[in-house]
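Q: Quick one: this structure, given as structure tokens, is what I'll be asking you about.
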Amino acid sequence: MTSSSSFTGRVSLAKALRRGFVAAYDNLGYIALVSFGSSLATFVVFSAGLKLARMTDLGIFEVIFAIPAGLVAWLAGVGLFYYAKKLIYHEYPSTGDTLSGIRILIVPALALFFINLVVTALLLGDAIALFLAKRAQGICIALGVLCVYMTIVWLMAALYHLPLLAFQLDMPSGPKPFVVIRKSFLLLADNPAFTVGLFAAIIALAVICVIPGFVGMVLFYPGATAFVITHGLRELFVKYGMVEEEPEIVEDKGWPQRD
């Protein structure tokens, strides 16, 4: 990703999480507004899909009516990660940049969404089919476990998909879905412990947000997740020398003095 002379080889999950949550706290109003808006839109679309599903008799295939709601949540995430990326680069984004990010990245974001959907569905479907096979012994169970493992690996790599999509706007290769997927797997392969820790932190945050009656999931989780993961990706970029490290505390020198 960069020259060996700029490769630091050091990465701190604790620092990435700290900076991510501090940024989320500093932008709490924005996070509450956009998280609520995205959650409301997702809920409305999901409710409509649920009503349509009840009007059909497709059995297990009724799950397809949940896809539009997932797409709404995904596109909201695109805007959130775009905003978080601009904030990290000190570009002073506005709330309107959330919609701008969706508009700019909508084509590759849609492609990436359906790639994720198909791959995850195939892996989980294979795992379920293997475990529920009439003679689910030996090789079937082993293959089922392998599919579950591959699903987890895919989901951990997918952690970097949306933030990378935004960062790729400033890179020569551009925001191409397969470039994003390839780089995500490279980041996971080179930083397994960091990625597992970040993945666990996101799951833990979800559990914490669910405790107060889903209020945290509606008003905080979507935005906070975008900020935390984006800072995690930035920490990896610092490791590879792609961006410069920033001091933990910026010294306030006050207003400039007149001569």
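The values are calculated or read from the model by the stated rules, or taken from the named source; none is laboratory data. The structure displayed is predicted, hence computed values, not measured ones. Cβ: placed from backbone, ideal geometry, glycine included. Neighbour counts: every protein chain shown.
So that you can scan it fast, the table gives a plain yes or no per residue for (1) in a loop (DSSP other than H, G, I, E, B); (2) crowded, with 18+ Cβ neighbours inside 10 Å; (3) aliphatic (A, V, I, L, M); (4) over 19 Å from the mean Cα position of the chain (by Cα):
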site	(1), (2), (3), (4)
57	yes, no, no, yes
64	no, no, yes, yes
70	no, no, no, no
75	no, yes, yes, no
85	no, yes, no, no
90	yes, no, no, yes
100	no, no, no, no
108	no, yes, no, no
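Q: Filter segment 169-190 down to residues that are within 19 Å of residue 225 (Cα to Cα) and at pLDDT below 95, then give me how many there are.
A: Looking only at that region, the number is 0.
Q: Looking at segment 162-176, can you tell me whether even one residue there is polar (S, T, N, Q), under 29 Å from residue 237 (Cβ atoms) and either surrounded by fewer than 14 Cβ atoms within 10 Å (Cβ to Cβ) or touching a strand residue (DSSP E or B) at 6+ places or on another chain (Cβ under 9 Å) (or both)? Break it down stepwise before answering.
A: If we filter segment 162-176 for residues that are polar (S, T, N, Q), which is where we start, we get 168, 173.
Still in the list and also under 29 Å from residue 237 (Cβ atoms): 168, 173.
Still in the running and either surrounded by fewer than 14 Cβ atoms within 10 Å (Cβ to Cβ) or touching a strand residue (DSSP E or B) at 6+ places or on another chain (Cβ under 9 Å) (or both): 173.
Checking segment 162-176: at least one residue is polar (S, T, N, Q), under 29 Å from residue 237 (Cβ atoms) and either surrounded by fewer than 14 Cβ atoms within 10 Å (Cβ to Cβ) or touching a strand residue (DSSP E or B) at 6+ places or on another chain (Cβ under 9 Å) (or both).
Q: Then there's this: What are the residues in segment 95-121 that are touching a residue at least 40 places away in the same chain (Cβ under 8 Å), more than 21 Å from residue 64 (Cα to Cα) and among the small types (Gly, Ala, Ser), if any? Reasoning before the result, please.
A: Start the filter on segment 95-121 by keeping residues that are touching a residue at least 40 places away in the same chain (Cβ under 8 Å), which leaves 95, 98, 101, 104-105, 108-109, 111-113, 115-117.
With the extra rule that they be more than 21 Å from residue 64 (Cα to Cα), the set shrinks to 95, 98, 101, 104-105, 108.
Matches in segment 95-121: 101 only.
Q: Within segment 152-161, how many residues are surrounded by fewer than 16 Cβ atoms within 10 Å (Cβ to Cβ) and in contact with a Ser or Thr (Cβ under 8 Å, 6 or more places away or on another chain)? Spell out how you get there, then give the answer.
A: Taking segment 152-161 as the starting set, the residues that turn out to be surrounded by fewer than 16 Cβ atoms within 10 Å (Cβ to Cβ) are 152, 155.
If we keep only those that are in contact with a Ser or Thr (Cβ under 8 Å, 6 or more places away or on another chain) as well, we get 155.
Residues in segment 152-161 being surrounded by fewer than 16 Cβ atoms within 10 Å (Cβ to Cβ) and in contact with a Ser or Thr (Cβ under 8 Å, 6 or more places away or on another chain): 1 in total.
Q: Return a yes/no flag: does segment 192-206 have any residue that is crowded, with 16+ Cβ neighbours inside 10 Å, without any contact (Cβ under 8 Å) to a residue 40 or more places away in the chain, under 14 Å from the mean Cα position of the chain (by Cα) and within 20 Å of residue 17 (Cα to Cα).
A: yes
Q: Condition first: closer than 25 Å to residue 190 by Cα and surrounded by 13 or more Cβ atoms within 10 Å (Cβ to Cβ). Now tell me which residues in segment 118-151 satisfy that.
A: Going through segment 118-151, the residues closer than 25 Å to residue 190 by Cα turn out to be 119-120, 123, 145-151.
Hits for segment 118-151 are 119, 120, 123, 145, 146, 147, 148, 150, 151.
Q: Only residues in segment 122-144 that are outside any loop (DSSP other than H, G, I, E, B) count as the first member; pair them with residues that are aromatic (Phe, Trp, Tyr) and modelled with pLDDT under 85, Cβ under 6 angstrom, at least 6 apart or cross-chain, and list the lot.
A: Every condition considered, the pairs that remain are 144/131.
Q: Output the residue which, of all residues in segment 169-182 that are free of Cβ contacts under 8 Å to residues at least 60 places away in the same chain and within 19 Å of residue 243 (Cβ to Cβ), is nearest to the chain's Cα centre (by Cα).
A: 179
Q: If only one of 124, 58 is in contact with a Cys (Cβ under 8 Å, 6 or more places away or on another chain) and at pLDDT below 95, which one is it? Reasoning before the result, please.
A: Details: 58 fails: in contact with a Cys (Cβ under 8 Å, 6 or more places away or on another chain).
Criteria check complete, one pass: 124.
Q: Which residues, taken from segment 207-224, are in a helix (DSSP H, G or I) and either free of Cβ contacts under 8 Å to residues at least 24 places away in the same chain or basic (Lys, Arg) (or both)? Can you show your working first?
A: Let us first name the residues in segment 207-224 that are in a helix (DSSP H, G or I), namely 207-210, 215-219, 221-224.
Hits for segment 207-224 are 207, 208, 209, 210, 215, 216.
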